Amino acid sequence: MKHYIFRILKMAILLPLMPLFRLGDPSTSFRSFLMVSRDEGVTYEKVVDVKTTPDLGGPPESVDCTTLSDGVFVSKPGIQSMDSFEFLANYTVEDYTRVQELARTPLDWSVWYGGTGAGPTVVPTGDLGKWNFRGELVSWPVGTSVNAIRDMNLTINASTEPEFVLI
């Protein structure tokens, strides 16, 4: 009986929150943001509007544990690999200048999924997830071609593993 009451209470608390978080619904890349904190992760601001976001992790190294009794190679997951995080953004003088002010300084970064509004009034909320990490940014203009938008690359070398946060 006690277990049944606990389940009812749990459902009564969590069910009203489900529409808020939309945990069961797949989401698109619309409203994905690169954020930075200049105050040790207390508050975050959008860096620039990005066109791409990177994988926020990688596969673990395979640690061989095969013995002479095994008929096939046997392995266990080892340390997870993590490449630099590369973002692509439109190049403007204003955005490039803003990004260069953040360059080569250890800062707290975050990738946020979710926001409200549309167009120039989009407000990042991170209600679909946040991945916080520390690292240093380097940026440069990307080569271009005929009839193309100028882009810039933002690469962050992370010094910590991205931590998933769901508000």
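The values are calculated or read from the model by the stated rules, or taken from the named source; none is laboratory data. Note that the structure is a prediction, hence the values are computed from the model and not measured. Cβ atoms come from the backbone with ideal geometry, glycine included; neighbour counts cover every protein chain shown.
A few remarks follow.
- Condition met for Thr28 (at pLDDT 90 or above and part of a helix (DSSP H, G or I)): no
- Residue count for segment 76-96 under the criterion of being touching an Asp or Glu at 6+ places or on another chain (Cβ under 8 Å), polar (S, T, N, Q) and either part of a loop (DSSP other than H, G, I, E, B) or at pLDDT 95 or above (or both): the result is 2.
- The set of residues in segment 136-154 being outside any loop (DSSP other than H, G, I, E, B) and either aliphatic (A, V, I, L, M) or within 13 Å of the chain's Cα centre (by Cα) (or both) consists of Leu137, Val138, Met152, Leu154.
- Check on Asn157, more than 21 Å from Thr28 (Cβ to Cβ), at pLDDT 95 or above, under 20 Å from the mean Cα position of the chain (by Cα) and of a type outside the set (Val, Ile, Thr): yes
- The set of residues in segment 50-60 being surrounded by fewer than 14 Cβ atoms within 10 Å (Cβ to Cβ) and part of a loop (DSSP other than H, G, I, E, B) consists of Asp55, Gly58, Pro59.
- Scan of segment 117-143 for residues that are touching a residue at least 12 places away in the same chain (Cβ under 8 Å) and farther than 16 Å from Pro162 by Cβ, ordered by number: Val122, Pro124, Thr125, Asp127, Val138, Ser139, Trp140, Pro141, Val142
- Enumeration of residues in segment 37-49 that are crowded, with 19+ Cβ neighbours inside 10 Å and out of contact with any helix residue (DSSP H, G or I) (no Cβ under 6 Å at 6 or more places or on another chain): Tyr44, Val47
- Set side by side, the residues Val63, Val99, Val111 differ, and just one is of a type in the set (Val, Ile, Thr), more than 23 Å from Glu136 (Cα to Cα), in contact with a strand residue (DSSP E or B) (Cβ under 7 Å, 6 or more places away or on another chain) and not in a loop (DSSP other than H, G, I, E, B), which is Val63.
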